[in-house]
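Colleague: Pasting a structure here, questions to come.
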Amino acid sequence: MDQERRKVSNPLALAVLAFLVQRPMHPYEIGKLLKQRNLQQSIKFRASSLYMVVEQLNRDGYITPQDTSRSGRRPERTTYALTEAGRAQLRDRMRDLVSAPVKEYTRFQAALALIVVLTPSEVLELLDRRGHALAEQAQEIRTRLDAAPARGVDRVLLIEHEYELTLIEAELSFVHRLTELIKEDPPGFAELWHELHPEDRRTAGPAGRGTRPVGEAPSSPKQPGAARRPA
């Protein structure tokens, strides 16, 4: 039977198993705890998908119904407990997730791979907008983390948010560096890019080269200056 069980790959399913380590619960209670822990920032879930995951875990033998109860006119609620197979699967999958880096294909990385379809001037403006959005996200997470101790939340329950903040700060730093690189336009950086967009205001000059106004991102306090690209 153990060999026939499917491995748990769905993060929501792992979250269900993890909550049931504490004690038996019904899906509605698990959903409330997911929201209280603010795990929707890390794991996508809807009430319908949560119940589907619970049903699948039950079919696979990772959880088992313990009892069913009804309160007033509310629908019946089935409490589920973690099985030994579920506990073993949870630990095995968690070991894999923590120890083994996996390539994740992000939308921003895909956009960077295709960035030359936009003009350098437009990319500067778009990066400025992205930078502002990232800064706001980072501040929101910092505020949430700063408020956690007053609510008696253990720091270990917030480490996924600290990780998210680290990623956002790293991306923001990259956005700033890329912005400066586009402005400086060193030799060998964007020859093809300029050839694809000779009409761009940043590439004006004899044969698409020569004197080029160095554009500033909209939020920059500096005034646009002038620079000459080496021939």
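Laboratory data are not the source of any read-out in this text; all were calculated from the coordinates shown. All of these numbers come straight from a predicted model, not from anything done at the bench. Here Cβ is always computed from backbone atoms with ideal geometry, including for glycine, and neighbour counts include all displayed protein chains.
Colleague: Cα atoms only: what Rg and Dmax, in Å, come out for the range 15-142?
Modeller: Expressed in Å, the Cα Rg and Dmax of the range 15-142 come to 20.9, 64.
Colleague: Further question on the same structure: Aspartates and glutamates near residue 103 by alpha-carbon distance under 17 Å, same-chain residues fewer than 8 away left out - which ones?
Modeller: Correct list for residue 103: 164, 171.
Colleague: What ranking do 118-124, 185-191, 38-44 get when scored by the average of other Cβ atoms within 10 Å per residue, highest first?
Modeller: Packing proxy ranking, top to bottom: 118-124, 38-44, 185-191.
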